[in-house]
Amino acid sequence: MSDESVKTRLGTDDSRFDAAVARAIAERVTQKALGDPAQPRAPQGLSRQFVEEMLAVAGNAPFHYPAHPEVRGDGPREPWRTYLLDGAGCRAYLARLDPADKPGKIADMLAAAEAMACVTWLPDPPEAEHDADGAPVFSDRNIEHVAAASAFIQSLLTLATSARLPNYWSSGGVLRSRKYLDGLGAGPNELLLGAVFLFPRDLTGLDVKPGSLRAERAGPAAWSRWAAL
Ligand SMILES: Cc1cc2nc3c(=O)[nH]c(=O)nc-3n(C[C@H](O)[C@H](O)[C@H](O)COP(=O)(O)O)c2cc1C
């Protein structure tokens with residue numbers, strides 16, 4: 001999308017949006033690039049520095065409540081944590097997946113990805129915010145922890161799009177389980193919110209699947225209205 005077509009789409013010549021920002025948000029799209037776990041792609045060389053720069057920018061996402069002191073310990077106040085794999089790390093992690101866990105498409109994507117960022121969130125401690133089964137409850141604080149971590153992930157996706165890197169927010173499948181979170185070094189209280197995959201710019205030879213709801217968008221005319229006061 002050119003800067004001009006962003007303006008056309010927004011319908012105004014004097015839009016105060018920065019065209020590059022609007023373009024990255026508007027062009028973000030799910031691209032699930034599937035490789036062959038039996039013959040993983042050689043990493044194309046996306047640098048760790050690039051990923052770290054993404055985190056530095058996306059880390060400005062808003063958060064309302066700090067991670068609970070009992071959960072974060074000496075750690076930072078942000079209610080998200082991120083565990084990173086570069087291309088070589090994705091292949092190494094692929095090799096560690098247990099077929100008995102039925103990793104499915106996660107394995108296919110680890111065979112193709114240039115990087116993966118597993119983003120966790122930190123529920124408040126059990127006595128405060130968990131139900132009788134030990135699951136975190138939808139307390140105001142927990143909802144806002146997830147909301148903040150989601151804003152962080154969306155920022156990652158937007159930045160990846162602005163760098164023309166195909167990307168995908170996965171719920172994580174098998175990577176949600178304690179076993180795989182522990183393997184990445186996540187703390188015992190952390191829960192996976194998303195496995196963010198970054199794929200090579202050149203998708204030649206990869207099977208690329210779109211998001212299933214992409215065509216289902218209704219748009220703001222359907223889901224917004226000015227409140228009539
Ligand atoms: C929280 C969250 C979790 C998601 N998890 C998955 C997933 O596990 N598998 C999947 O195919 N798509 C997943 N998606 C991507 C959606 O399917 C996708 O965003 C939707 O189909 C719309 O397509 P688009 O992203 O191209 O606009 C997830 C999206 C979000 C926001």
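Worth pointing out:
- Value of D in µm² per second that Stokes-Einstein yields for segment 32-203, Kirkwood Rh from Cα pairs, at 4 °C (1.567 mPa s): 79 µm²/s
- Cα-only Debye scattering, segment 8-120: base-10 log of I(q)/I(0) at q = 0.11, 0.16, 0.17, 0.19 Å⁻¹: -0.56, -0.95, -1.00, -1.07
- Taking other C-beta atoms within 10 Å as the exposure proxy, R41, R225 rank R225, R41 from fewest upward.
- Sorting 183-190, 157-164 by their mean Cβ neighbour count within 10 Å, with the most densely packed peptide first, gives 157-164, 183-190.
- Ranked packing of 191-197, 93-99, most packed first, by mean Cβ within 10 Å: 191-197, 93-99
- Assuming charge only on the beta carbon of Lys and Arg (+1) and of Asp and Glu (-1), the dipole of the chain about its Cα centre is about 680 debye to the nearest 20.
- Span from the segment 142-185 Cα centroid across to the segment 20-57 one, whole angstrom: 12 Å
- Residue exposure sequence - E216, E78 - by fewest surrounding Cβ within 10 Å: E216, E78
- Neighbour-count order for T204, T82, fewest beta carbons within 10 angstrom listed first: T204, T82
No value in this document is a laboratory result; all are computed from the given coordinates. The structure presented is a predicted model; accordingly, all values stated were derived computationally and were not measured. Note: ideal-geometry Cβ built from the backbone for every residue, glycine included; neighbour counts use all protein chains shown.
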